[in-house]
Amino acid sequence: MKRTNGSLAWKIFVGILAALLVIILVAEFGLRAYISDQIESQFDEAAPAPTTQDAQVSFGSDPLTLGLLGGKVPHMTLSMPSTLVLDGTNFTGQPAATVEMEGVSVSGDQTVADSLRVSTELPDAFVHAILQQQLGTALSQVDGVPAELLHNFVTVSDVRSNPSEGTVSITFTGGLAGIDLRPEMEGGQLTFVAESTQLFGIELPGGVAERISQALREGMRDVVFGSMKVEDFTVIEGGLRVTLSGNNVNLNEVTDAL
């Protein structure tokens, strides 16, 4: 059968299309590998101490190449190992976290995600350090109790999560005082409700419980939450599980906060 110009043109078109698809696939895999390697390398360099695991980056099923042509990374999931280093009440780094981002764009030196979701678990020892750092300021504002007395005798000895009760037990001054706090969500805001407070077996003034609750809430906001919304806050064995979310999140600001 005589080959027509039309059939020849069609074969040429199919051949070119196949070659382009191969190039796009190679570019897609190469781009994913390159960006993943850059992010993982920068994470390792920024970690305050060597980690036993590497950061992991994935981009979902949406084509990364086409997304970048439109100016955005469609989806990115970053699994970060813990970089947390505790030294008494001082700490550097952050607990392990999984960060899911949608619509990540770069403009100048600003990197913005259309939406961002973070899931992390805060160990009891980390909560202990956060609370101790905030406690001094909080207790100086308690009415009816001498500030000097509170500063001298109220220090955080232990923080223990109670999943079965849904509370966080905080022990002060070697067991001389204690408070049980229950995390609750009110209007999209996290609060801690005091279940019981005692000092030398005697109920503490309500102002003390209120200030301790405030100290923990503000410490969480300053160190963990930032400007993001708290979606979920659950007491688990050995710590607290937190899920945060935000829209139009400037990743530079999140990085600076951490």
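Numerical summary
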quantity	calculated
Contour excess over end-to-end distance, with Cα ends at Asp222 and Leu176 and 0.36 nm allotted per residue	13.7 nm
Other-chain or far-sequence residues with amide H under 5 Å of Gly238's (modelled H)	Ser161
Separation of the Gln38 and Glu186 label points, Cα + 7 Å toward Cβ, nm	4.6 nm
Burial ranking of peptide ranges 239-249, 105-115, 80-90 (average Cβ count within 10 Å, highest at the top)	239-249, 80-90, 105-115
Ranked list, fewest to most other Cβ atoms within 10 Å of each Cβ, for Phe225, Phe172	Phe225, Phe172
Span from the region 226-241 Cα centroid across to the region 62-99 one, whole angstrom	17 Å
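Each value in this text was obtained by applying a stated rule to the coordinates, not by laboratory testing. Because the structure is predicted, anything quoted here is derived from the model rather than measured. Here Cβ is always computed from backbone atoms with ideal geometry, including for glycine, and neighbour counts include all displayed protein chains.
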